Amino acid sequence: MVSIAVIGGEGSGRSSLASKLGKKGNTSDITMYDFAKGDQILTIIDPSGYPASPKPLTTALGMSEIVLLCIPPAGMDAASGECVIAVDQLGLEHGIVVQTMSDRSNPYELEENANNIRSFLQGTTARDWDIIPVSTTTFQGIEQLKEAINELDREITVRNLETTDKSPRVIVDHSFNVKGIGSVILGRVIQGTVHKHEKLTIYPINQEIEIRNIQMQDVDKKSAGPGSRVGLSLKGVQAKDVDRGNIISSNETTAKDIELDCNVSKFSQGLAVGSTLHMYVNLQSTPVKITGITVDGQDVGEARAGSTCKVSLSIGEEVSFCSGDMFLLTDLNQPKQRFIAGCKYKI
C-alpha cells in the first residue's frame, strides 16, 4: 500500500494522469483516486486547488510517500519549479518525473526537455529521479511508469516495516459522521501499528479516544501497520471536532512557540525577524511570526537566501509534531515562489 502525490502546474497533465492510475474518490481542494488489484493498493492525490493556493500541494505531499512530478511538452514553468522547491525543502526522496503528453513531442524534444529538467533538479532531493515520457492518449510509457512505481513501493514497504514497533502515529485528512457508526476519520498510519480497541489521543485537541473499528479498502481489520491508509471509527470524540492535520498518537509535542533548524531557499528573499509567514507541518497550517533568528550562535535580524539558521516562531494556534518532523515556511504574498524555508524540529 502506497500513497502517491501527482503534482505540477496547471496544464501539466497531472489530473489526466491521476485519473488513469485510479478510480476517482473524494474531492475538495485535493482530488483522490484509488487503485486496488491483488496485494497492490494505491492512493493517488491530485492537489487540484494548486497553484492558486500552496496548501493543496503541501497537503498532497504530506499525505504521500511517492511523488510524480508532471512536466508538459512546454517544459518547466514557475509552478513546476515551486513544486521541486517544496519537494526538496521537505526532504522527499522517492519520486519520478513524468514527461506528460509525450505523443505531442518527438524524441529530440523529449531528450532536450529531459536534459533541462535534470539540470534544474541538480542539488535537490529529486536529482536522481527517473524521467519517463508518458501519454494518457496513446498509453505510451504507462506500463513503464507503473513498474517504476512498483519498484519504489517495494523500497518504501521495507522502510515502513522498520517502524512497525514504534509508537503509532496517524495523520488525519478527512473526518465525518456516519449514521449508526459515529465519528469516522480517514488518514494514513505514518509510523507504528494501530489496533482495534486501542486507546490513544488526538492532538492538538488533546482528546482521548478509543479505536472502535479499523477498515482498509472497506474491509474490517484488527490492526494496521505503517504506510496503511485507514478508516477509523472512534469513540470519545465528535467528528466536527477533528480537523485535517490532527494526529492520533500516544505522545506528541504541542506548542504555540517553537525553535526550528532551517534551510532558507536560495530562490527566496530570505527571512527577517518580525515577518509574518504561513507554516505547514504534516497536514496542519497556521500563520506564524518570526521572533528570532540565530546564525552560528549569534542573534541576527535576518537570514540570507541559501543560508542555514535557527528560527524562533510564535504560532497562531497550537500545532502538534515530533522530533524529525519537517516544516515549510511560506510567504503567501509572493507571486511565484512562495516556499521560503524547509525546517526541522529537533529535541
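The values are calculated or read from the model by the stated rules, or taken from the named source; none is laboratory data. What you are looking at is a predicted structure, and each value in this text was computed from that prediction instead of being measured. Please note: Cβ atoms are built from the backbone with ideal geometry, for glycine as well, and neighbour counts cover all protein chains shown. The accessibility values were calculated without ligands, DNA or RNA, using every heavy atom of the protein model including side chains. Shrake-Rupley method; radii C 1.70, N 1.55, O 1.52, S 1.80 Å.
Of all residues in region 99-116, count the ones that are of a type in the set (A, V, I, L, M) and in contact with a Gly (Cβ under 8 Å, 6 or more places away or on another chain).
1
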Just to be sure before I move on: is THR286 of a type outside the set (Asp, Glu), under 30 Å from LEU200 (Cβ atoms) and surrounded by 14 or more Cβ atoms within 10 Å (Cβ to Cβ) in the structure I sent?
yes
Being touching a residue at least 40 places away in the same chain (Cβ under 8 Å) and open to solvent by 30 Å² or more (accessible area, probe 1.4 Å) narrows it down to one of GLY11, GLY25, so name that one.
GLY11
Answer yes or no as to whether GLY274 is assigned to a loop (DSSP other than H, G, I, E, B) and surrounded by fewer than 21 Cβ atoms within 10 Å (Cβ to Cβ).
yes
Subset of region 170-207 [within 15 Å of SER320 (Cα to Cα) and either among the charged types (D, E, K, R) or not in a strand (DSSP E or B) (or both)]:
ASP173, PRO204, ILE205, ASN206
Unique residue being among the hydroxyl-bearing types (Ser, Thr, Tyr) and within 16 Å of the chain's Cα centre (by Cα) when the list is THR125, THR100, THR157, THR163:
THR125
Checking GLU143 against (1) free of Cβ contacts under 8 Å to residues at least 12 places away in the same chain; (2) under 26 Å from GLY342 (Cβ atoms), only one condition comes out false. Which one?
(2)
Counted residues in region 33-47 being modelled with pLDDT under 95 and either farther than 25 Å from VAL158 by Cβ or assigned to a helix (DSSP H, G or I) (or both) come to 0
Tally of residues being assigned to a helix (DSSP H, G or I) and under 20 Å from GLU65 (Cα atoms) across region 82-126:
9
Kindly check whether there is at least one residue in region 88-107 that is over 27 Å from LEU328 (Cβ atoms), of a type in the set (A, V, I, L, M, F, W, C) and in contact (Cβ under 8 Å) with a residue 40 or more places away in the chain.
yes
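What do you reckon, is LYS37 out of contact with any Ser or Thr (no Cβ under 6 Å at 6 or more places or on another chain) and either open to solvent by 50 Å² or more (accessible area, probe 1.4 Å) or not aromatic (Phe, Trp, Tyr) (or both)?
For LYS37, the condition - out of contact with any Ser or Thr (no Cβ under 6 Å at 6 or more places or on another chain) and either open to solvent by 50 Å² or more (accessible area, probe 1.4 Å) or not aromatic (Phe, Trp, Tyr) (or both) - is met.
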Of a type in the set (S, T, N, Q) and under 18 Å from the mean Cα position of the chain (by Cα): does that describe SER323?
yes
When you check PRO226 against the structure, is it surrounded by 17 or more Cβ atoms within 10 Å (Cβ to Cβ) and either over 24 Å from LYS37 (Cβ atoms) or polar (S, T, N, Q) (or both), yes or no?
no
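Quick check on region 48-63: of everything there that is of a type in the set (Ser, Thr, Tyr) and either assigned to a loop (DSSP other than H, G, I, E, B) or free of Cβ contacts under 8 Å to residues at least 24 places away in the same chain (or both), which residue is farthest from ARG14 (Cα to Cα)?
This residue is SER53.
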Can you find, within region 127-162, the residue that is surrounded by the fewest Cβ atoms within 10 Å (Cβ to Cβ) among those that are in contact with a Gly (Cβ under 6 Å, 6 or more places away or on another chain) and part of a loop (DSSP other than H, G, I, E, B)?
TRP129
Is region 230-237 home to any residue that is buried (at least 17 other Cβ atoms within 10 Å of the Cβ) and not in a strand (DSSP E or B)?
yes
